[in-house]
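The structure appears below as structure tokens.
The values are calculated or read from the model by the stated rules, or taken from the named source; none is laboratory data. Please read all numbers here as calculations on a predicted model, not as lab measurements. Neighbour counts run over all protein chains shown; Cβ positions are idealised from the backbone, glycine included. The protein model used for the area step is the full one, side chains on, heavy atoms only, and it has no ligands, DNA or RNA in it. Shrake-Rupley method; radii C 1.70, N 1.55, O 1.52, S 1.80 Å.
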Amino acid sequence: MTIQRSMLKKLAFSTFLLTLPLNAAFAADPAVAERVKSMLAAQGVEISWTGVSGDASNVTLQAVSIKPTAEKEALPIGDVKLEGVTEANGGFEIATVSTSAFERSQDGVTLDVSPFVIHDMKVPAEGSTDPLGSLMMYKAAELSNLTVKVGDKTAFSMDGLAVQINPPAEGKAMDFTASTEKFKADLTLVDDPKSKEAIDALGYQNISGNISMAGTWQPSDGKMELSKYDIAVDNAGKLGMTFNLGGYTLDFIKSMQEMQKKFAAQPEGADSSAQGMAMLGLLQQLSFNGASVRFDDDSLTGKVLDYVGKQQGMSGKDVANQAKAIVPFGMAQLNNPELTAQVSAAVNKFLDDPKSLEISAEPPASVPFALIMAGAMSNPLDLPKTLGVKVKANED
């Protein structure tokens with residue numbers, strides 16, 4: 001469907017803000033408020049409110065507005081409540097933080113978001129010597145519902161978002177999980193003729209499914225692992241992704257935030273090539289440990305083969321056989337006989353009996369991003385070997 005880019009940007013940012021724990025950590029004490037403002041400012045977000053009510057233990061921030069550095073207008077998100085506020089080591093602990101229900105409409109598109117509730121949040125003291133003193137951590141959060149409407153029709157909805165976090169402590173890594181009970185999307189609102197034709201032919205005018213993810217982060221060495229990120233669509237299939245990076249340290253995060261602030265401070269239309277090069281240099285601090293993309297079929301493959309076959313006047317089986325014949329020729333350009341044989345075997349196995357298809361990169365040792373970038377520019381055909389790319393089908 002055609003929606004103005006500006007509206008999409010604002011709606012996406014609105015949703016993003018409601019999932020940020022940082023936006024909820026306030027207290028009536030002006031010193032705490034200034035501390036929070038400075039922490040948010042360091043991350044490129046300005047925040048304000050019209051008033052504060054309550055007492056030291058239960059606080060309501062009235063008419064809160066938030067503005068990222070790159071935006072010209074602030075976004076009003078309503079009142080924010082803090083319950084069970086206590087002092088702790090010069091900082092604060094907050095038992096429950098909750099936003100107000102949020103609604104915003106523009107250009108015929110309306111975003112409705114239920115209150116976002118955060119549990120057991122810690123606000124570090126100013127000047128904290130703790131390595132994690134620049135972060136606000138929480139243990140759990142939930143969002144009951146998010147809905148996007150186009151006119152009077154619900155284009156997308158999501159129910160039951162739940163987040164669980166075990167903050168890093170005593171040298172142990174932080175681990176986290178997140179999941180949704182269900183999402184729904186109305187694809188009849190898509191207005192591109194070719195896409196609409198395919199959607200109707202495949203029978204996916206209305207889809208539903210769920211999302212789940214899990215991972216860990218070790219601040220001391222910057223190892224960040226997303227061990228699970230699954231998007232499952234009922235009666236279609238599940239797309240799963242993982243990645244494992246090194247070097248995502250607190251210093252890296254701070255440098256990235258500073259870089260983003262510099263980008264945002266540039267006047268519109270200014271030459272950003274120097275900042276772009278600096279960003280590339282910053283990314284070279286990271287290292288690649290592994291990644292994967294996996295698709296588990298739940299009837300989608302057969303429907304796509306039949307649809308393509310009908311377009312070409314042949315059966316779905318004929319399309320599958322045609323694909324089997326084409327794959328080896330396409331892979332031959334990589335000049336990697338071993339990988340070509342592996343991919344061809346996996347594709348043949350999957351098309352004969354669609355269950356799962358997985359592409360993974362498992363280098364024998366961590367690969368610096370600098371080496372990956374250099375290889376991509378000098379000899380991209382060697383990258384599959386460098387990264388240990390493998391393809392397999394119908395395996396657990």
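For the reader, a short list of remarks on this structure follows.
- Where segment 53-122 is the region considered: accessible area per residue in Å², 1.4 Å probe: 47
- For the chain, the Cβ-based charge dipole about the Cα centre amounts to some 760 debye (Lys, Arg positive; Asp, Glu negative; other atoms uncharged).
- Restricting the GluC sites (Glu not before Pro) of segment 192-268 to loop positions (DSSP other than H, G, I, E, B) with no more than 14 neighbouring Cβ atoms within 10 Å leaves GLU268.
- Unit charges at the beta carbon, dipole of the chain: most positive-side option, THR216, ASN145, GLN312: GLN312
- Centre separation in Å (Cα based) which lies between segment 189-227 and segment 258-336: 14
- What a 1.4 Å probe finds exposed on segment 264-373 is 61% carbon and sulfur by accessible area, rounded to a whole percent.
- Residues in segment 253-396 average 59 Å² of solvent-accessible surface per residue, probe 1.4 Å, ligands and nucleic acids excluded.
- Sequence-separation-based contact order of the chain, relative, with Cα cut under 8 Å and 6+ spacing, percent: 9
- Contact order relative to length of segment 259-387, as percent, for alpha carbon pairs under 8 angstrom and 6 or more apart: 34
- When you restrict to C-alpha pairs under 8 Å that are six or more residues apart and normalise by the size of segment 237-311, the relative contact order lands at 60 percent.
- Exceeding the 19 Å Cα-Cα cut-off - candidates LYS349/LYS385; LYS81/LYS182; LYS303/LYS392; LYS149/LYS182: LYS349/LYS385; LYS81/LYS182; LYS303/LYS392
- Descending by average beta-carbon neighbour count within 10 Å, the peptides 301-309, 360-368 line up as 301-309, 360-368, the highest first.
- Note on segment 116-255: with neighbouring protein chains present and a 1.4 Å probe, carbon and sulfur make up 53 percent of its accessible heavy-atom surface.
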